[in-house]
1. For segment 7-70, what is one quarter of the convex hull surface built on the Cα atoms, given in nm²?
2. Counting alpha carbon pairs within less than 8 Å and at least 6 residues apart, what relative contact order, in whole percent, applies to segment 7-70?
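We did not get these values from a lab; they are worked out from the coordinates using the rules stated. Here the structure is a predicted model, which is why all the values come from computation and not from measurement.
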Amino acid sequence: MYPTAMRRLVELSHSDILAFYNHKIRGLLNYYSFAGNGGNLQKVISFLVTSCALNLALEWKLRTRKNAFNRAHFLCPNTRSSLNIPNNYKVLHHYKMKSPMATPDSVIQVSWAEKYKFGLGRQVCTICGE
């Protein structure tokens, strides 16, 4: 299995191609940030980087991905945006949440009677009978 160019992206601008691959890489890193499979993730991201190089080689008519890697076309000359390749694939464990989650007891303690009374109009409340 070899990485290939996405020929539908060749018509886009240089910065749009880089943005497309940045979105894909960032999405993979966010989705798999908790898993311990850094080696496999590195392979997938290297496929994306190579595919980006092939697309840029097609756009700039460089013929090979080696020429795209050698000429450092991962930096857009107009917008100065670049392809964000991660330095490491370390597992991140963010278990502490900023806002406390609702516990089952706190949900049960909510008075639902008022919500049923006013939500149903003039009908009888099923909880309190009013």
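1. Details: hull surface 18.2 nm².
So the mean shadow area of the Cα hull is 4.6 nm².
2. Values: 35 pairs, mean separation 24.8, N = 64.
RCO, segment 7-70: 39 percent.
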